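Working notes for the structure below.
The values are calculated or read from the model by the stated rules, or taken from the named source; none is laboratory data. Computed from a prediction, not measured in an experiment: that's the story for all the values here. Backbone-built Cβ (ideal geometry, glycine too); neighbour counts: all protein chains shown. Areas reflect the complete protein model, heavy atoms only, side chains present, ligands, DNA and RNA absent. Shrake-Rupley method; radii C 1.70, N 1.55, O 1.52, S 1.80 Å.
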Protein chains: 2
Amino acid sequence: FSLNLAADCNAVLKALQPIFQEQGMTETVHNWEDHGYLVTYIKKNGSFANLRIHPHGLVLVDLQSYNDDMKGREEVDQLLNKVEDRMKELIHGNIKRVKRLPAILRGGVIDRYWPTADGRLVEYDIDEVVYDEDSPFQNIKILHSKQFGNILILSGDVNLAESDLAYTQAIMGSGKEDYTGKEVLILGGGDGGILYEIVKLKPKMVTMVASNIDQMVIDGCKKYMRKTCGDVLDNLKGDCYQVLIEDCIPVLKRYAKEGRMFDYVINDLTAVPISTSPEEDSTWEFLRLILDLSMKVLKQDGKYFTQ
Amino acid sequence: FSLNLAADCNAVLKALQPIFQEQGMTETVHNWEDHGYLVTYIKKNGSFANLRIHPHGLVLVDLQSYNDDMKGREEVDQLLNKVEDRMKELIHGNIKRVKRLPAILRGGVIDRYWPTADGRLVEYDIDEVVYDEDSPFQNIKILHSKQFGNILILSGDVNLAESDLAYTQAIMGSGKEDYTGKEVLILGGGDGGILYEIVKLKPKMVTMVASNIDQMVIDGCKKYMRKTCGDVLDNLKGDCYQVLIEDCIPVLKRYAKEGRMFDYVINDLTAVPISTSPEEDSTWEFLRLILDLSMKVLKQDGKYFTQ
């Protein structure tokens, strides 16, 4: 509850106290004098509530219980309804905002919380852990979401979902490129999405270079991200494609030396690369090296795509 | 912390206690005997921590503070790092999962938490409250997100963002319909997205019927959702369109009586309608009535689109 005015901490406590006490909860009050109250209510079944009253006009109620049955949730809703009604009676007209957030579930078999790269809390509608393995380099998870299909998560970082065809299309040039009869080099792309989409477009030859870091990503994706990669990862070689399980830097150097040239280089390496060689001093050095080497194997009118 | 084994509650308390005490926090222990411990640590500045130790092997740490400076956040990270290190020393090899969630911010000017229709907690990258008004029917907010542009939120329900052209395209038939020279009726659609997109396609006439419920939605959108509606809501009449601010049911009845027919009826009314007339007994009655009346004004080969 955000209030329009300073809170009378004692009045708020006195108003809400009976609601918790009716639940058979025992009260412990801490009074900071200058920072308001923390009131803890403890129930016999292991549940508890924190009521934090900030004197400048912010009242926070947290409930925590070990319990996942609907009866428990209904009880929580009823309790919060009572708290809301009592607050509205007490502060009538001067509550700026009431906000009730969904319960956060911790300790379950399925973890539904996968924060974004910019640190925001996002709960996905995940209903199944499809794949969960540790490689020597990272943790590889594939989780099923009703909304997005299977989602690939590398060391806690959401990578790609089966619904993310738009990502693959964008890194291929948003449908504006003609790949027919072309020589294409994919760096990374272990989920197989780019390879699968380009192979459909009758290229001359697609070479995908995925390092051994990606081996277990490929293993997981070829089984559980079929909407992304189709059957293209079932074999490392097809009519118009090959997958090399090698670090891309020596491969690029070899191609550059041999004069092997491509119409397209698509860099789908992870945004923050995992270093396997001592060659690169830093992320930026690594990115510069990849870019320099890519330019060396790109035809005069070739195109380079990346995130 | 999810553990692979039962937790020795007292050992966990003894291991973590010094970390909180070093912070100058005073401890209050509640021991349920059969439900483990709740330990509350209180700091002089108004911050506090809850340490909840479940005997079956779940250890939860919550920190709460009134504070939004980075120094505060760094301190929290350092504290949590210590807790994690100490837990790993104590339970070595038997921690199944460690999960740290981003801080939830409450009571700020900008509310970034807008749960989904299926009750999931989602934090958006909202950086500005662009519009926030109460109409007699609902609260209308337009919030700016870096990722999605301006987002229209009606009574807490995320409606449409400027990035959601895909929604508008889908309800128009995913680009497979030819609207040239056609008579089109839009029910609802107060954000102006459908109207704007169809007007581009040279229809004969588009009639949009938005009830007075939508008046303030239109007012907000024409100012702040310009990527969605362009200039189409600036005037209620254009070369090939008109906007009627009327309840759609009497309008549909009038058209049916007059024999006015349409090539397309697009029903973009909110999923759960706000009742303004006593005519409908329930949501389903309302939806049935709209559908029946729509069929009466649809040409033999006409099409009806809805969510």
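Below is a table of values for the structure above.
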{"item": "Antiparallel DSSP beta bridges within the protein assembly as shown, as percent of all bridges there, nearest 5", "result": "70"}
{"item": "Test item: Cα-centred dipole of the protein assembly as shown, Lys/Arg +1 and Asp/Glu -1 on Cβ, debye", "result": "620"}
{"item": "Amide H within-cut-off set for B:I186, under 5 Å, with H built and near neighbours excluded", "result": "B:T207, B:M208, B:V209, B:I266"}
{"item": "A/B buried area, accessible surface, summed, 1.4 Å probe, Å²", "result": "4000"}
{"item": "GNM result for chain A, Cα springs below 10 Å: residue of A:R97, A:R288, A:R106 fluctuating most strongly", "result": "A:R97"}
{"item": "Rounded Å value of the spacing that divides the Cα centres of segment B:1-79 and segment A:209-272", "result": "46"}
{"item": "Three-way shape call for the protein assembly as shown based on the alpha-carbon gyration tensor, with the a/c threshold at 1.5", "result": "oblate"}
{"item": "Anisotropy class of segment A:48-109 from Cα gyration tensor, a/c 1.5 cut", "result": "prolate"}
{"item": "Shielding by other protein chains, A:111-124, mean Cβ within 10 Å", "result": "5"}
{"item": "Per residue accessible area in Å² of the protein assembly as shown, where ligands, DNA and RNA are left out and the probe is 1.4 Å", "result": "50"}
{"item": "Averaged over B:26-33, number of beta-carbon atoms from partner chains that fall within 10 Å", "result": "2"}
{"item": "Hull shadow area, averaged, segment A:2-97 [alpha-carbon convex hull, nm²]", "result": "5.9"}
{"item": "Accessible surface of segment B:1-117, 1.4 Å probe, proportion on carbon and sulfur as whole %", "result": "50"}
{"item": "Percent of beta bridges antiparallel (DSSP, chain B, rounded to nearest 5)", "result": "70"}
{"item": "Inter-chain Cβ neighbour average for residues B:37-48, partner chain, 10 Å", "result": "4"}
{"item": "Cα centroid separation - segment A:136-183 against segment B:83-108, whole Å", "result": "29"}
{"item": "5 angstrom amide H check on A:Y131, placed H, neighbours 5+ away", "result": "A:I142"}
{"item": "Folded to 0 to 90 degrees: helix A:283-296 orientation relative to chain A principal axis, Cα", "result": "30"}
{"item": "Cα extents of segment B:164-306 along the three principal axes, largest first (Å)", "result": "37, 34, 26"}
{"item": "Within segment A:1-62, GluC sites (Glu not before Pro) in DSSP loop having at most 11 other beta-carbon neighbours inside 10 Å", "result": "A:E33"}
{"item": "Prolate/oblate/rounded label for chain B (Cα gyration tensor, a/c 1.5)", "result": "prolate"}
{"item": "Using alpha-carbon coordinates, inclination of helix A:70-91 to the longest axis of chain A, degrees", "result": "60"}
{"item": "Using alpha-carbon coordinates, inclination of helix B:215-224 to the longest axis of chain B, degrees", "result": "70"}
{"item": "Positive-end residue of A:S155, A:M216, A:L51, charge dipole of chain A with Cβ unit charges", "result": "A:L51"}
{"item": "Long-range amide H partners of B:Q147 with built H, under 5 Å", "result": "B:D125"}
{"item": "Accessible-area composition of segment A:164-306, carbon plus sulfur, in percent [1.4 Å probe]", "result": "52"}
{"item": "Signed unit charges on C-beta, dipole axis of chain B, positive-most listed residue B:Q64, B:G230, B:G24", "result": "B:G230"}
